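**Q** I have a structure I would like to understand better, so I am pasting it below and will then ask my questions one at a time.
The values are calculated or read from the model by the stated rules, or taken from the named source; none is laboratory data. Just so it is clear, the model here is predicted, and its values are computed rather than measured. No Cβ is skipped: glycine too gets one built from the backbone with ideal geometry, and neighbour counts run over all protein chains shown. Quick note on the areas: whole protein, heavy atoms, side chains included, nothing else; ligands and nucleic acids left out. Shrake-Rupley method; radii C 1.70, N 1.55, O 1.52, S 1.80 Å.
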Amino acid sequence: MPGIRIRDLTEQGFLAFDLADLLQVLGDSARTSAWRCSVEECIALENARPHLQEAYNTREALTGTELFTLARETLQVIDGAFEAFHDGEKNPWIKLEAIDSSYWEVFARDSLELSRFESHFRAVERIDDSDG
């Protein structure tokens, strides 16, 4: 799948966006997808549910609505991967990956999806997905 790396930073050198922002760019497509998540580390907002990280790592796929809710409770995903599936499909149509609080990578079957991110963020570079 073609991919991009996003490195938009604040003046202080921290990432200027997180999962909730990426989901907003995807909009209704993200809301209507089933999501398989694997979060190794995240930082919850002060009023977030207890065990937020475990809520991402369920055996069952999360609905888009559930993922949007979890993302709103998350200050930062440090390391994690999120794959979205359209109903009845076995391969993800998009993958979002947080890499060590340094940047996010986005891979999509349709490169038009990537252009949505390229027009929304400033520090974007094209990359190849060696896995896929």
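**Q** Taking into account only those residues within the range 1-14 that are touching a strand residue (DSSP E or B) at 6+ places or on another chain (Cβ under 6 Å) and within 12 Å of Tyr103 (Cα to Cα), which is most open to solvent (accessible area, probe 1.4 Å)?
**A** Here the answer is Arg7.
**Q** Still on this model: Which ones in the range 54-110 are polar (S, T, N, Q) and closer than 12 Å to Arg36 by Cα?
**A** Passing the criteria: Asn57, Thr58, Thr63, Asn91.
**Q** Do we have any residue at all in the range 91-109 that's loosely packed, with under 12 Cβ neighbours inside 10 Å, at pLDDT below 95 and outside any strand (DSSP E or B)?
**A** No, the conditions are met nowhere in the range 91-109.
**Q** Also, I was wondering about something else. Just to be sure before I move on: is Leu67 within 16 Å of the chain's Cα centre (by Cα), within 14 Å of Phe17 (Cα to Cα) and either in contact (Cβ under 8 Å) with a residue 60 or more places away in the chain or not in a strand (DSSP E or B) (or both) in the structure I sent?
**A** No; evaluated as a whole, the condition is false for this residue.
**Q** Considering only residues that are aliphatic (A, V, I, L, M) and open to solvent by 60 Å² or more (accessible area, probe 1.4 Å), which ones fall in the range 58-84? Write out each step before concluding.
**A** Residues of the range 58-84 that are aliphatic (A, V, I, L, M), as a first pass: 61-62, 67, 70-71, 75, 77-78, 81, 84.
Across the range 58-84, the qualifying residues are Ala61, Leu75.
**Q** Evaluate the following for Ala61: is it touching a helix residue (DSSP H, G or I) at 6+ places or on another chain (Cβ under 6 Å), of a type in the set (A, V, I, L, M) and either modelled with pLDDT under 95 or closer than 26 Å to Leu112 by Cα (or both)?
**A** So Ala61 fails the test.
**Q** Which one is nearest to Gln24 (Cα to Cα), of the residues in the range 110-131 that are in a loop (DSSP other than H, G, I, E, B) and modelled with pLDDT of 95 or more?
**A** Per the criteria, the residue is Phe121.
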